[in-house]
Amino acid sequence: MTDSLLIFTESLGEIRTAEMMPLSCISTFRTGGPADTVVFPRSRAEAVRCVRNAVRYGSRYTVIGNGSNVLFDDAGYRGAVICTSGLSGISFSKDGTVTAECGVPLTALSSRAAEAGLSGLEFAYGIPGFVGGAVFMNAGAYGESISDVLSGSDYYDAESDAVVHVAREEHGFGYRKSIYTENPGRMILGAEFTLSQGDPDVIRAKCSENMESRRTKQPLEFPSAGSVFKRPEGHFAGKLIEDSGLKGTCVGGAEVSRKHAGFIINRGGATSSDVLELINLIKEKVRTDAGIELECEVRYIGEKE
Ligand SMILES: Cc1cc2nc3c(=O)[nH]c(=O)nc-3n(C[C@H](O)[C@H](O)[C@H](O)COP(=O)(O)OP(=O)(O)OC[C@H]3O[C@@H](n4cnc5c(N)ncnc54)[C@H](O)[C@@H]3O)c2cc1C
């Protein structure tokens, strides 16, 4: 551990930390080596303190949600991984606005909205990310995305040492893109969603239908990070991979899912190097066969990011 990281962890006081924690424990791929330290803030104030002190003491850091769209390096992470699972507050206001902290699971948010008779987040039911990760990625499904329902988000800006509110139109949203993907050091603390009134039974039924569709089409019985590649314009990555005959192709414990070729699954014992090698193999074959350059949706976190 470097001196700056040591000073940083000591400055955190009662905030829980875990030294040399395997990142495979906090990634849905179940791969990745140990992080020097993983930090678990439980409130917005603690989260701000983590980022402020990391910057102040020169410690390298990254922020993660549920780790459902990341690939951690086998060598782990030198620095602090700030894990947001402890920021799980949700509040509803009478006008249909829902405010959620960054560590709220999307499925829980969607469920709570359904109970309250609020429609708009049915598409998010079953996406295994947290609110922060979903805003960062502009997560979406079934033709809808976070940008359709988000009214604003808050992030901590270390430069001005202030919490900044970002209005919907300032998010620069695109396909799996937001102002945060362009400025990855910013920690999203929470977000507001504007939903519409609806019948709780109808909303719940839509959520169940979406979950059933995921169970049928996706290899949910294996660890993965969902679709590995972004959808190339006018194509589906899964179809291109299937057309290249790559379903079932393995590198070590990593396999192109036979159920959904857009997914790489961890069949057991996969390393992140296996996954990276398989990604490169897929990209090369699809480039040769279809002349299309696949771009990763999954974000690599390690020494080179
Ligand atoms: C089985 C499966 C199905 C999936 N289906 C879908 C789908 O239908 N649609 C879809 O869009 N995605 C899908 N995904 C991918 C993933 O769930 C989403 O991208 C999700 O939004 C990621 O959220 P997360 O909390 O896990 O983020 P993480 O994976 O933890 O992080 C993703 C990125 O966001 C950053 N980040 C996370 N939280 C914060 C924060 N608070 N502040 C700043 N930066 C932050 C991280 O640094 C990282 O760069 C699926 C994944 C799996 C495993």
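The values are calculated or read from the model by the stated rules, or taken from the named source; none is laboratory data. What you see is a predicted model; the values in this text were computed from it and never measured. Methodologically, a virtual Cβ is constructed for each residue, glycine included, from the backbone with ideal geometry; neighbour enumeration extends over all protein chains shown. Just the protein is used for accessible areas: all its heavy atoms, side chains included, with ligands, DNA and RNA removed. Shrake-Rupley method; radii C 1.70, N 1.55, O 1.52, S 1.80 Å.
Could you please report the charge total around Ser43, scoring K, R as +1 and D, E as -1 over all other residues with beta-carbon less than 15 angstrom from its beta-carbon? Intermediate results must be reported in sequence, preceding the final value.
On the way: positive: Arg16, Arg42, Arg44, Arg49, Arg52; negative: Glu14, Glu46, Glu101, Asp154.
Spelling it out: positives minus negatives among the neighbours equals +1.
Beyond a 30 Å Cα-Cα separation, which of these cross-linked pairs lie in this structure: Lys206/Lys283; Lys217/Lys283; Lys230/Lys259; Lys177/Lys283? Working shown, then result.
Working: Lys206/Lys283 35 Å; Lys217/Lys283 22 Å; Lys230/Lys259 18 Å; Lys177/Lys283 21 Å.
Going by Cα-Cα distance, Lys206/Lys283 fall outside the 30 Å limit.
Need one number: % antiparallel among DSSP beta bridges in region 3-83, to the nearest 5. List each step's numbers first, then the result.
On the way: 6 of 14 bridges.
If we restrict to bridges inside region 3-83, about 45 percent are antiparallel.
For labels at Tyr175 and Ser111 in the simple 7 Å Cα→Cβ model, what's the distance in nm?
Those two pseudo-labels are separated by 3.2 nm.
Run the accessible area of the chain with a 1.4 Å probe and give the carbon-and-sulfur part as a rounded percent. Don't skip to the end; give the middle numbers.
On the way: 6740 of 13530 Å².
That share works out to 50 percent.
If each residue of separation counts as 0.36 nm, what is the full-extension length gain between His235 and Ala162 once their alpha-carbon separation is subtracted? Don't skip to the end; give the middle numbers.
Values: separation 73, 0.36 × 73 = 26.28 nm, distance 4.21 nm.
Here the answer is 22.1 nm.
Please state the relative contact order of region 3-83 as a whole percent: Cα pairs under 8 Å, 6+ residues apart? Show your work: numbers first, answer last.
Details: 155 pairs, mean separation 31.6, N = 81.
Across region 3-83, relative contact order equals 39 percent.
Who wins for biggest fluctuation among Glu233, Glu19, Glu295 in a Gaussian network model of the chain, springs between alpha carbons below 10 Å?
For the chain, modelled as a Gaussian network with Cα springs under 10 Å, the answer is Glu233.
If we count every other residue with Cβ under 13 angstrom of Ile127's Cβ, Lys/Arg +1 and Asp/Glu -1, where does the sum land?
Values: positive: Arg176, Arg214; negative: Glu122, Glu144, Glu297.
So the surrounding residues net to -1.
Give the accessible surface of region 147-305 per residue, rounded to a whole number of Å², with probe radius 1.4 Å and ligands, DNA and RNA excluded. Mind showing how you got there, number by number?
Numbers: 8060 Å² over 159 residues.
Value returned for region 147-305: 51 Å² of accessible area per residue.
Want the number for Leu6 to Ala18: 0.36 nm per residue separation, take away the alpha-carbon distance, what's left? Mind dumping the intermediate values first?
Working: separation 12, 0.36 × 12 = 4.32 nm, distance 1.27 nm.
Roughly 3.1 nm would be gained on extension.
What length, rounded to one decimal in nm, is gained on full extension from Arg258 through to Gln197, with 0.36 nm per residue of separation minus their alpha-carbon distance?
Values: separation 61, 0.36 × 61 = 21.96 nm, distance 3.99 nm.
Between Arg258 and Gln197, full extension yields an extra 18.0 nm.
Given an 8 Å cut-off on Cα distances and at least 6 residues of separation, report the relative contact order of region 103-168 as a percent.
That works out to 24 percent.
Show that you can apply the helix-only estimate: for the chain, add -39,500 (n - 2.57) for every DSSP H stretch of four or more residues, divide by all residues, and state [θ] at 222 nm to the nearest 500. Spell out each step's value before the answer.
Working: 9 runs with 91 residues, N = 305.
-9000 deg cm²/dmol, from helical runs alone.
Order Lys230, Lys285, Lys239 by their accessible area, 1.4 angstrom probe, all chains in place, largest first.
Lys239, Lys285, Lys230
Can you give the charge dipole size of the chain about its Cα centre, rounded to the nearest 20 debye, using +1 on the beta carbon of Lys and Arg and -1 on the beta carbon of Asp and Glu? Could the numbers behind the result be given before it?
Values: 32 positive and 40 negative charges, 103 e Å.
Here the chain has a charge dipole of around 500 debye.
Any idea what the relative contact order of the chain is, in percent, if you count C-alpha pairs under 8 Å spaced at least 6 apart? Walk me through the numbers on the way to the answer.
Working: 653 pairs, mean separation 52.5, N = 305.
Reported relative contact order: 17 percent.
Anyone know which of Ala205, Ala47, Ala100 comes out most mobile in the 10 Å Cα GNM of the chain?
Looking only at Ala205, Ala47, Ala100, the biggest GNM fluctuation is shown by Ala205.
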